[in-house]
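J.: Below is one structure. I have some questions about it.
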Amino acid sequence: MKRKLIAAIGIAGMVVTVAACGGSDSGSSDNSGADAKELTVWLTVDAQNNWPQLVKSADAAVQKKHPGIKINHEYYGWPDKNTKLDAVLATDKAPDVVEMGNTEMLGYMVKGAFAPLDTSKFTNSSAWLDGLKASVTYDGKTYGVPYYAGGRVGNWRKDVFASVGVKSTPKTYAELTAALDKVQKKEGDKFSAWYQPTRDWYAAMSFVYDAGGSIAVESGGQWKANLSSPESVKGLTEFKNVVDKYMHGDKTKDESDRYIVYGQGKSGMIFGAAWEGATSADPKNDKTGKLKNNLENFVMPGPSGKNMPVFLGGSDLAVPVKSKAQAVAAEWINAFTGPSGQKGLMAKGNLPNNKTDLATLKNDPATAVPATAAESNWFVPMAPGWGQVEKAQVLQNMLQSIGTGKKSVEAAAKDADTAIDKVINAK
């Protein structure tokens, strides 16, 4: 999951402009490729290495309906996938199905690279998780199918919190902060009761959404930044409180090496991707020798009294607009992401793409925490210029200025809104 989530939360790279030829709903036009004799599917190496049988099962379902069809598979690592995709989309040899990190989708949808899809053709579409559904939706149309997801959870060291008399994970934000206060007092200012990198905008925006705020709002087809609204400022202020009270590390860092820092033993808790705790406890990262069987995930309570809304990273599957087999491509995606596919993905430790299957994971103690956490989720604004906002690191820079005290919350949020408004509606 680690490689998967890192890819899924990155911004899309350079996107070639693709003429939206043949972009009708899958299967609804004569040239949709309903009688295609060949299908090319691009996936990342995660599928090749971790669930190849699911790929074979999807192939078998399509081949049963279309005897004699040849299905080609190509697998790519995350770092080079988009470079290869951009190059091929400029030709007439586009693949028919391509896997995308969910925040990579937007730039391609804006440029018309993917064909719109008819959601009624996909078994779980009515129950797709809200954040995942948002990732494949642009300008009122659906351009992809959620594949699987990974969420964020709290994780703490049981020994550190037990040392101050806290033996069970918190159910409320008040319980959490009370426990953190005890740990911080006991361990002193060389220790981070909660290691929370200042530039981690995924965590910070969870506070914003928990407070009823948002990054941006849409009205009449136009987007406007919303970080300086009273609700958003309330969330940012609480995030600053966390950084001020419990984060005693470098306040100019992001979250990319959080699992490594956590493994060094100078912090008691993190709020991050569900895989991070276990990765910190890996012998090559655990410098304390104490983390194995000593870390515990929990659903992050929010200051609002509800579970903290979390960003969902993950993958989507899309059909390039230049595909000559759009209808069969949609059938393959449905076979791959339908009920049996989701069951197989969940067995491999992934979160499913839909609320129905997610509910079943809540009944298993091994999966209850990430499943429950994922029920409340948010996603980035699906605005045409969002990629430019991410590329400029507007949110990260705002948070660093807040965390280091360079600017007040209100001033930093206002400046960020100004920067966002300059580009968020630009195609």
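The values are calculated or read from the model by the stated rules, or taken from the named source; none is laboratory data. Not measured: the values here are computed from a predicted model. Cβ coordinates were reconstructed from backbone atoms using ideal geometry, including for glycine residues, and neighbour counts include every protein chain displayed. Protein only, heavy atoms only, side chains kept; ligands, DNA and RNA dropped before computing areas. Shrake-Rupley method; radii C 1.70, N 1.55, O 1.52, S 1.80 Å.
J.: Quick check: pseudo-label points 7 Å beyond the Cα along Cα→Cβ at LYS171 and ASP421, how many nm apart are they?
T.: 4.5
J.: How big is the convex hull of the Cα atoms of the chain, per residue, in Å³?
T.: Values: hull volume 55.9 nm³, N = 427.
Cα-based convex hull of the chain, divided per residue, equals 131 Å³.
J.: In percent, what relative contact order does the chain have, based on Cα pairs under 8 Å that are 6 or more apart in sequence? Intermediate values should be presented prior to the final figure.
T.: On the way: 852 pairs, mean separation 115.9, N = 427.
About 27 percent, as a whole number.
J.: If you don't mind, there's one more thing I want to ask. Suppose the chain between ASP130 and ASP282 were pulled fully straight at 0.36 nm per residue; how much longer would it get relative to their current alpha carbon spacing? Could you put the intermediate results ahead of the total?
T.: Details: separation 152, 0.36 × 152 = 54.72 nm, distance 3.27 nm.
Extra length from ASP130 to ASP282 when fully extended: 51.5 nm.
J.: Let me ask you something else. On full extension of the chain, what length is gained from GLU410 through GLN63, given 0.36 nm per residue of separation minus the C-alpha to C-alpha distance?
T.: Numbers: separation 347, 0.36 × 347 = 124.92 nm, distance 5.84 nm.
Once the chain is fully extended between GLU410 and GLN63, it gains 119.1 nm.
J.: So for region 360-427, considering every pair of alpha-carbon atoms, how many percent are separated by more than 20 Å?
T.: Working: 1143 of 2278 pairs.
In whole percent, the share of Cα-Cα pairs in region 360-427 beyond 20 Å is 50.
J.: Let me ask you something else. Just to confirm, what accessible area per residue do you get for region 66-160 at 1.4 Å probe, in whole Å²? Let's see the in-between values first.
T.: Values: 3290 Å² over 95 residues.
Computed with neighbouring chains in place, this is 35 Å² per residue.
J.: OK, next. Which pairs in the list LYS186/LYS251; LYS251/LYS348; LYS70/LYS355; LYS81/LYS133 are over 28 Å apart, alpha-carbon to alpha-carbon? Can you show the working numbers first?
T.: Numbers: LYS186/LYS251 22 Å; LYS251/LYS348 36 Å; LYS70/LYS355 34 Å; LYS81/LYS133 23 Å.
Violating the 28 Å Cα-Cα cut-off are LYS251/LYS348; LYS70/LYS355.
J.: A further question on this structure: Using a simple charge model, +1 on the beta-carbon of Lys and Arg, -1 on the beta-carbon of Asp and Glu, nothing else, what dipole does region 267-332 show about its Cα centre, in debye to the nearest 20? Don't skip to the end; give the middle numbers.
T.: Details: 7 positive and 6 negative charges, 26 e Å.
So the dipole magnitude of region 267-332 works out to roughly 120 debye.
J.: In degrees, nearest 10, range 0 to 90: what is the angle between the Cα axis of helix 173-187 and the longest Cα principal axis of the chain?
T.: 50
J.: If the elastic network links every pair of Cα atoms under 10 Å, which of ASP417, ASP364, ASP35 fluctuates the most in the Gaussian network model of the chain?
T.: Answer for the Gaussian network model of the chain: ASP364.
J.: A further question follows. Along the Cα→Cβ direction, 7 angstrom out, place labels at ALA162 and ASP257. What is the inter-label distance in nm?
T.: Here the answer is 3.1 nm between the modelled labels.
J.: What are the residues whose amide H is under 5 Å from the amide H of TYR147, where those residues sit 5 or more places off or on another chain and H is modelled from the backbone?
T.: Amide H neighbours of TYR147, under 5 Å, 5+ apart: SER315, ASP316, LEU317.
J.: For the residue pair GLN222 and LYS266, what label-to-label distance in nm results when each label sits 7 Å from Cα along the Cα-to-beta-carbon direction?
T.: Result: 4.9 nm between the two label points.
J.: I would also like to ask the following. At 222 nm, what helix-only mean residue ellipticity would the chain give, in deg cm²/dmol to the nearest 500, using -39500 (n - 2.57) for each DSSP H run of four or more?
T.: Numbers: 19 runs with 175 residues, N = 427.
The helix contribution divided over the chain gives -11500 deg cm²/dmol.
J.: Could you compute the net charge surrounding LEU291? Neighbours are other residues with a C-beta less than 15 Å from the C-beta of LEU291; K and R count +1, D and E count -1. Let's see the in-between values first.
T.: Details: positive: ARG157, LYS158, ARG258, LYS266, LYS284, LYS287, LYS290, LYS292; negative: ASP159, GLU276, ASP282, ASP286, GLU296.
Net of charged neighbours comes to +3.
J.: When the chain is treated as a GNM, springs tying every alpha-carbon pair under 10 Å, which of SER126, SER232, SER206 comes out with the largest mean-square fluctuation?
T.: SER126
J.: Calculate what fraction, in whole %, of the accessible area of the chain sits on carbon and sulfur atoms when a 1.4 Å probe is rolled over the protein chains.
T.: Details: 8900 of 17650 Å².
Whole-percent figure for carbon plus sulfur exposure: 50.
J.: Could you tell me how far the Cα centroid of region 73-125 sits from the Cα centroid of region 307-328, in Å?
T.: Going from one Cα centre to the other spans 7 Å.
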